[in-house]
Amino acid sequence: MSEINRMNGEKITRKDLNKVYWRLQIFGLGLAINSTTAQAISFATALTPVLKKLYKNEPKEVRVAAMQRHLEYFLSQNTATGMILGITAAIEETTSVEQKEGVVAVKAGMMGPLAGIGDSVFKLTIQAIAGSIGAAYALNGNALGPVLMFVIYNAINIAIKYYGIILGYEKGMEFITSGEQAKVMKNIINLSTMVGVVVLGALISSSVRITIGTELVVNETIVNVQQLLDGAMPKLLPLLITVGLYQVNKKLPRKYLIFLILGLLVLGTILFLLGVIK
Amino acid sequence: MSLFQSLLIALWAGYCSYDDQGPQMLRRPLLVGPLVGLILGDLTTALIVSATLELMWMGLGNMAGYQTPDMIVGTIVGVTFAITTGQTSAEGIAAGVATATAVAILVQQFNLIFMFVRQFFAPWADKLALTGNFDSILKINIASAILQFLIRFVPTFLIIYFGGSAVEQVMASIPAPILAGLAKASGILPAVGLSILMTIIMKKGMWGFLIFGFVLNAYLNMDILGVTLISLAFATFYTWIMNVIDFQNTQSQNTNNGVKEGGYDL
């Protein structure tokens with residue numbers, strides 16, 4: 001990108017990018033969310049330090065246009081938006097006033113894919129892994145649980161948010177479009193999915209709790225059903241129940257979930273009163 | 001419960017509410033609940049209820065416009081009542097999980113009202129843009145942060161301060177065996193959260209990974225942190241192998257159009 005196109009010869013510094021990070025950290029993307037422009041107000045808020053620097057000597061119309069441009073529809077994911085902000089800052093800096101439509105196009109092109117990565121990697125997988133590790137400790141009353149969860153989740157989250165801004169700015173467009181980087185992204189998603197599913201398997205065994213209380217009388221000897229099941233396979237029931245619920249949840253619309261939870265509470269209580277589970 | 005304690009808990013609910021849309025550092029039952037335990041002087045119960053709710057609501061998050069049951073107020077009120085009404089720990093935990101579920105649905109409706117108020121932000125921002133003053137849109141964020149604080153501060157305070165005695169009376173009128181049954185039933189609930197998570201992250205052909213984790217814990221009694229680390233090691237190894245295979249395939253394709261073999265495209 002040539003030196004000639006630079007806005008006013010102003011150069012964005014690490015200090016400006018730090019300000020962008022703090023605005024994203026403090027105001028997030030959700031505070032000003034609305035149906036018309038989604039998270040655009042929040043995006044513009046985080047980008048403001050960059051705009052202020054680049055447009056400080058420009059006439060009012062240009063500043064108004066810059067604000068309007070970034071108040072257009074934007075919808076992505078909190079953590080991943082760091083990188084979009086960094087890249088947007090780089091493009092804002094290196095385009096002339098006539099080339100600004102490109103900024104909107106690039107933002108629109110990135111927000112979808114990065115939201116997908118953000119949702120699947122941060123919101124679900126890393127949050128779930130951190131939550132599972134924490135819950136495993138906390139279920140036994142160990143206060144280390146929430147502390148571990150907080151540290152694991154936020155260390156990853158904040159590092160990616162911050163370095164997304166810095167790297168996004170430094171590497172600019174190159175980062176997203178080059179084949180090598182797309183592969184790195186794919187590897188990260190695959191890696192976290194695999195770890196997520198393995199941990200899920202362990203969690204089924206460690207956190208779902210059910211014990212059968214029924215005892216059968218066979219040939220005048222009392223047979224404890226739970227001992228029979230344990231002999232076949234430890235934690236067989238938690239596995240069967242979870243896999244069964246998985247089949248149900250694949251079909252069941254999420255808004256009926258609460259009935260599933262209430263139903264299980266009622267069913268469990270009845271089975272307990274009948275002595276089937278203890 | 002004292003007015004002071006109720007206010008402290010409600011303030012925490014308000015802060016978590018702001019965090020949920022802003023910094024997003026807490027927003028999960030296990031991170032929101034324990035502080036309530038510290039305020040009320042029973043950290044152990046708070047930890048157990050929070051962990052149960054964390055697992056129960058594991059796959060849930062506000063995605064794709066769907067408003068989930070309100071985990072923040074649900075957790076805070078659930079932990080509070082688990083501690084204040086629990087005659088024995090197990091019954092208290094059952095009470096906590098049950099109230100958390102009910103309150104979460106109630107406050108979910110409340111949040112929908114706030115969604116309506118937010119629709120005025122877009123025209124407001126358009127007006128501020130015409131001033132050409134970049135920092136003027138900070139006003140919207142600050143106004144929203146205050147509203148965001150209030151929408152959970154107010155209901156939490158009302159439920160905890162005024163609803164406490166009502167909840168205690170209801171709890172006292174429920175026969176003990178039913179409470180004990182509820183406590184046992186809530187032991188199954190983590191299966192709900194885990195199964196939802198499965199529908200989201202399990203891709204075709206990944207049952208082997210699930211069974212691997214299950215066996216590590218069920219047969220070998222490895223704890224979750226150990227399972228995470230060992231699976232991380234295996235996943236790194238797997239990814240590395242796949243990259244090598246990919247690389248060799250591209251090499252052979254370049255020479256003789258070799259048949260492409262690959263691993264799972266997860």
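The values are calculated or read from the model by the stated rules, or taken from the named source; none is laboratory data. Bear in mind the structure is a predicted one, so any value in this text is a computation, not a measurement. All Cβ positions, glycine included, derive from the backbone under ideal geometry; neighbour counts span all protein chains shown.
Brief remarks on what is shown
- Only residues that are part of a helix (DSSP H, G or I), within 14 Å of another protein chain (Cβ to nearest Cβ) and within 24 Å of residue B:1 (Cα to Cα) were counted across the stretch B:142-182, and they come to 6.
- Restricting the stretch A:64-119 to residues that are small (Gly, Ala, Ser) and in a loop (DSSP other than H, G, I, E, B), the residue that is modelled with the lowest pLDDT: A:96
- Breaking point among (1) more than 7 Å from chain B (Cβ to nearest Cβ); (2) in contact (Cβ under 8 Å) with a residue 24 or more places away in the chain; (3) of a type in the set (Gly, Ala, Ser), for residue A:196: (1)
- Picking from residues in the stretch A:101-134 that are among the small types (Gly, Ala, Ser) and facing chain B (nearest Cβ under 7 Å), the one that is nearest to residue A:91 (Cα to Cα) is A:128.
- Complete set of residues in the stretch A:225-236 that are surrounded by 13 or more Cβ atoms within 10 Å (Cβ to Cβ) and either assigned to a helix (DSSP H, G or I) or modelled with pLDDT under 85 (or both): A:225, A:226, A:229, A:230, A:236
- Every condition in (1) assigned by TED's automatic domain parsing to the domain that holds residue A:138; (2) closer than 30 Å to residue B:175 by Cα is met by residue A:260 except one, and the failing one is (1).
- Filtered residues of the stretch A:56-73 (kept if surrounded by fewer than 22 Cβ atoms within 10 Å (Cβ to Cβ) and of a type outside the set (Lys, Arg)): A:57, A:58, A:59, A:61, A:62, A:64, A:65, A:68, A:71, A:72, A:73
- Whichever residue in the stretch A:30-55 is of a type outside the set (A, V, I, L, M) and outside any helix (DSSP H, G or I) and, among such residues, is surrounded by the fewest Cβ atoms within 10 Å (Cβ to Cβ): A:35
- Residue in the stretch B:183-234 that is surrounded by the fewest Cβ atoms within 10 Å (Cβ to Cβ), counting only those that are of a type outside the set (A, V, I, L, M, F, W, C), within 13 Å of residue A:197 (Cα to Cα) and under 25 Å from the mean Cα position of the chain (by Cα): B:203
- Flag for residue B:110 being aromatic (Phe, Trp, Tyr) and in contact with a strand residue (DSSP E or B) (Cβ under 6 Å, 6 or more places away or on another chain): no
- Of all residues assigned to the stretch B:68-81, at least one qualifies as being within 12 Å of chain A (Cβ to nearest Cβ), surrounded by fewer than 24 Cβ atoms within 10 Å (Cβ to Cβ) and either touching a strand residue (DSSP E or B) at 6+ places or on another chain (Cβ under 7 Å) or within 29 Å of residue A:159 (Cβ to Cβ) (or both).
- With respect to the conditions (1) outside any helix (DSSP H, G or I); (2) over 24 Å from residue A:271 (Cβ atoms), residue B:236 lacks only one, and its number is (1).
- Test: residue B:186 is closer than 24 Å to residue A:258 by Cα and of a type in the set (Ser, Thr, Tyr): yes
- Total residues in the stretch A:37-59, condition more than 19 Å from residue B:142 (Cα to Cα) and free of Cβ contacts under 8 Å to residues at least 24 places away in the same chain: 2
- Selection status of residue A:52, of a type in the set (Lys, Arg), within 25 Å of residue B:121 (Cα to Cα), facing chain B (nearest Cβ under 9 Å) and in contact with a helix residue (DSSP H, G or I) (Cβ under 9 Å, 6 or more places away or on another chain): yes
- Check on residue A:239, without any contact (Cβ under 8 Å) to a residue 24 or more places away in the chain and assigned to a helix (DSSP H, G or I): no
- Residue A:256 satisfies every condition listed in (1) surrounded by fewer than 15 Cβ atoms within 10 Å (Cβ to Cβ); (2) in contact with a Ser or Thr (Cβ under 9 Å, 6 or more places away or on another chain); (3) not small (Gly, Ala, Ser) except (2).
- Filter pass, residue A:166 being in the same structural domain as residue A:21 (by TED's automatic domain parsing) and under 27 Å from residue B:203 (Cα atoms): no
- Selection from the stretch A:148-174 of residues that are more than 19 Å from the chain's Cα centre (by Cα) and part of a helix (DSSP H, G or I): A:166, A:167, A:169, A:170, A:171, A:173, A:174
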